[in-house]
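I have placed the structure first, in the form of structure tokens, so that the comments after it can refer back to it.
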Amino acid sequence: MRAMRAETFSGYEGLKLVELPKPAVTKAKVLVRITAAGVTPLDHTILSGNFHGSKAPLVLGNEGAGVVEQGGGPEFPVGSRVMFFGPYGAFENGTDSEWVVVRKEDLCLIPDNVDDVSAAGIPVAYLTAQVALTLAGFREGKTVLAPAIGGSIGNAVTQLARALGAKHAMSSTTNHAKAEQAKELGFNEVVDTSSEKLGDGVRRITSGYGADIVVDGIGGEVLSEAVGVLALGGNLTTLGYSASRKTTIDVTNLIVPQASIRGLNMFAQPQAAITDAWNVILPLLESGAIKPIVAKTFPLVEAAAALRCLVEGRPFGRVVLII
């Protein structure tokens, strides 16, 4: 089978098209023919040699969509369209390939109204977003901020919070064109940080209240500023570092409002948390209350270009490989 494999963790040039044996089905795993694979910042982190536990050579791809070919049993009969995320592409070969064997517990049936390309970009973003909201104690009427409306986490958190009844579902962008695009797509609470500071925008939108919940996948200066918008008793979840792994915070922004900050590692979540998240996400996908946004697709052989587009081009929406 064809696969785009990181022969070395040396940047884009480390990715090579290779022929590998078709993986064998085991009692615990299901054979899935991959139709589309989501491209994520984690792929770049691994390819740059900055992720713990990953070893080259490795087929990247942390999430994907495809068709069950063997081993799915009555839950996932042959021909079922499925999407999934897990250790794939990080600790074992991933979805940038024609076939993958997947643990049955990682599989989720794709709703009929969602195409495979869109489905490939759902698992990581929406599962992470829903788990983060749940751990933060989200309920209807809460005020939520998730920076970077064009990014996968920022967009997914904003969509989910809005669909689940948040009083405010806010995001941000550093790009004025993206702010205008967000408005055209119906995201009306986006702070354009090219014209105002994040804190000023949040206080303007919330009439000075701030954010009960912040979910940040950016890190760096954005995280520092986001801590400053926390409302009384608010909490911030940090789960990514695409801007920087390091930041400086003013501790009084935690002390005065008695706020808190925590980290989230999706690889460490119990299966029950993932199942609960899918149970929230699927009805919203089926009803159209949330809808993944795909910015651009690439063929498998252009995986390096796809990753460069995501990291350097910073599109509004997901980048997906067509297998």
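The values are calculated or read from the model by the stated rules, or taken from the named source; none is laboratory data. Bear in mind that the values here come from a model prediction, so they are computed numbers and not experimental data. We place every Cβ from the backbone using ideal geometry, glycine too, and count neighbours over all the protein chains shown. Surface accessibility is based on the protein's heavy atoms, side chains included, excluding ligands, DNA and RNA. Shrake-Rupley method; radii C 1.70, N 1.55, O 1.52, S 1.80 Å.
Scanning for something of a type in the set (Val, Ile, Thr) and part of a helix (DSSP H, G or I), does the stretch 171-189 turn up at least one residue?
No, the conditions are met nowhere in the stretch 171-189.
For a quick check of your reading of the model, give me the residue pairs whose first member lies in the stretch 154-170 and is open to solvent by 10 Å² or more (accessible area, probe 1.4 Å), whose second is hydroxyl-bearing (Ser, Thr, Tyr), with beta-carbon atoms closer than 7 Å and at least 6 apart or on different chains.
Pairs found: ALA166/THR143; LYS167/THR143; HIS168/THR143; HIS168/THR206; ALA169/THR158.
Within the stretch 69-82, can one find any residue that is among the charged types (D, E, K, R), under 30 Å from ARG245 (Cα atoms) and modelled with pLDDT of 95 or more?
Taking every residue of the stretch 69-82 in turn, none turns out to be among the charged types (D, E, K, R), under 30 Å from ARG245 (Cα atoms) and modelled with pLDDT of 95 or more.
Name the single residue that is farthest from ALA163 (Cα to Cα) among those in the stretch 178-227 being under 22 Å from the mean Cα position of the chain (by Cα) and among the basic types (Lys, Arg).
Per the stated criteria, the residue is LYS178.
One residue is enough: does the stretch 87-97 have a residue meeting the conditions at pLDDT 95 or above, within 20 Å of the chain's Cα centre (by Cα) and open to solvent by 50 Å² or more (accessible area, probe 1.4 Å)?
There is at least one residue in the stretch 87-97 that is at pLDDT 95 or above, within 20 Å of the chain's Cα centre (by Cα) and open to solvent by 50 Å² or more (accessible area, probe 1.4 Å).
Name every residue in the stretch 149-158 that is outside any loop (DSSP other than H, G, I, E, B) and touching a strand residue (DSSP E or B) at 6+ places or on another chain (Cβ under 8 Å), in order of residue number. Walk me through how you get there before you give the answer.
Restricting attention to the stretch 149-158, the residues satisfying the condition of being outside any loop (DSSP other than H, G, I, E, B) are 152-158.
Once the filter is applied, which keeps residues that are outside any loop (DSSP other than H, G, I, E, B) and touching a strand residue (DSSP E or B) at 6+ places or on another chain (Cβ under 8 Å), the stretch 149-158 yields SER152, ILE153, GLY154, ASN155, VAL157, THR158.
If you take the residues of the stretch 283-300 that are of a type outside the set (D, E, K, R), open to solvent by 40 Å² or more (accessible area, probe 1.4 Å) and part of a helix (DSSP H, G or I), which of them is farthest from GLY86 (Cα to Cα)?
The selected residue is SER287.
Which is within 28 Å of PRO315 (Cα to Cα) and touching a Phe, Trp or Tyr at 6+ places or on another chain (Cβ under 6 Å), of THR35, THR45?
None of the other options fit; the residue is THR45.
With the condition kept exactly as written, say whether any residue in the stretch 186-202 is among the small types (Gly, Ala, Ser), touching a residue at least 12 places away in the same chain (Cβ under 8 Å), closer than 17 Å to ALA243 by Cα and surrounded by fewer than 19 Cβ atoms within 10 Å (Cβ to Cβ).
Looking for residues that are among the small types (Gly, Ala, Ser), touching a residue at least 12 places away in the same chain (Cβ under 8 Å), closer than 17 Å to ALA243 by Cα and surrounded by fewer than 19 Cβ atoms within 10 Å (Cβ to Cβ), one finds at least one in the stretch 186-202, hence yes.
Restricting to the stretch 43-61, name every residue that is within 17 Å of the chain's Cα centre (by Cα) and touching a residue at least 40 places away in the same chain (Cβ under 8 Å). Outline the logic, then answer.
Going residue by residue through the stretch 43-61, those that are within 17 Å of the chain's Cα centre (by Cα) are 43-46, 51, 60-61.
Selection gives ASP43, HIS44, ILE46, LEU60, GLY61.
Condition test on ILE261, is it among the aliphatic types (A, V, I, L, M), out of contact with any His (no Cβ under 6 Å at 6 or more places or on another chain), outside any helix (DSSP H, G or I) and crowded, with 20+ Cβ neighbours inside 10 Å?
No.
Which of the residues spanning the stretch 175-223 are touching a helix residue (DSSP H, G or I) at 6+ places or on another chain (Cβ under 9 Å) and β-branched (Val, Ile, Thr)?
Within the stretch 175-223, VAL190, VAL191, THR193, VAL202, ILE213, VAL214, VAL215, ILE218, VAL222 meet the criteria.
If you scan the stretch 29-71, which residues turn out to be in a loop (DSSP other than H, G, I, E, B), surrounded by fewer than 22 Cβ atoms within 10 Å (Cβ to Cβ) and in contact with a helix residue (DSSP H, G or I) (Cβ under 7 Å, 6 or more places away or on another chain)? Before you say what the answer is, go through the steps one by one.
Just the residues of the stretch 29-71 that are in a loop (DSSP other than H, G, I, E, B), to begin with: 40, 48-57, 60-62, 71.
Then drop every residue that is not surrounded by fewer than 22 Cβ atoms within 10 Å (Cβ to Cβ), which leaves 48-57, 71.
If the condition is that a residue be in a loop (DSSP other than H, G, I, E, B), surrounded by fewer than 22 Cβ atoms within 10 Å (Cβ to Cβ) and in contact with a helix residue (DSSP H, G or I) (Cβ under 7 Å, 6 or more places away or on another chain), then PHE51, SER54 are the ones that fit.
Consider ARG308 against the criteria (1) open to solvent by less than 20 Å² (accessible area, probe 1.4 Å); (2) closer than 21 Å to GLY151 by Cα: it satisfies all of them except one. Which criterion is unmet?
Only one criterion in (1) open to solvent by less than 20 Å² (accessible area, probe 1.4 Å); (2) closer than 21 Å to GLY151 by Cα is unmet by ARG308, namely (1).
Only residues that are part of a loop (DSSP other than H, G, I, E, B) and within 20 Å of ALA295 (Cα to Cα): list them for the stretch 190-230, please.
Hits for the stretch 190-230 are GLY217, ILE218.
Only one of ALA303, ALA277, ALA268 is crowded, with 19+ Cβ neighbours inside 10 Å and out of contact with any helix residue (DSSP H, G or I) (no Cβ under 6 Å at 6 or more places or on another chain); which?
ALA303
Enumerate the pairs (first residue in the stretch 244-271 and touching a residue at least 40 places away in the same chain (Cβ under 8 Å); second residue anywhere and of a type in the set (A, V, I, L, M) and part of a helix (DSSP H, G or I)) with beta-carbon separation below 8 Å, excluding pairs fewer than 6 apart on the same chain, so at least 6 apart or on different chains.
ARG262/LEU135; LEU264/VAL131; LEU264/ALA132; LEU264/LEU135; MET266/VAL124; MET266/LEU127; MET266/VAL131; GLN269/VAL131
What residue, among those in the stretch 114-141 that are under 17 Å from GLY233 (Cα atoms) and buried (at least 24 other Cβ atoms within 10 Å of the Cβ), is nearest to the chain's Cα centre (by Cα)? Can you show your working first?
Taking the stretch 114-141 and keeping what is under 17 Å from GLY233 (Cα atoms), we get 132-141.
This time we only want the ones that are buried (at least 24 other Cβ atoms within 10 Å of the Cβ), so: 132-133.
Details: ALA132: 11, LEU133: 13 Å.
So the residue we want is ALA132.
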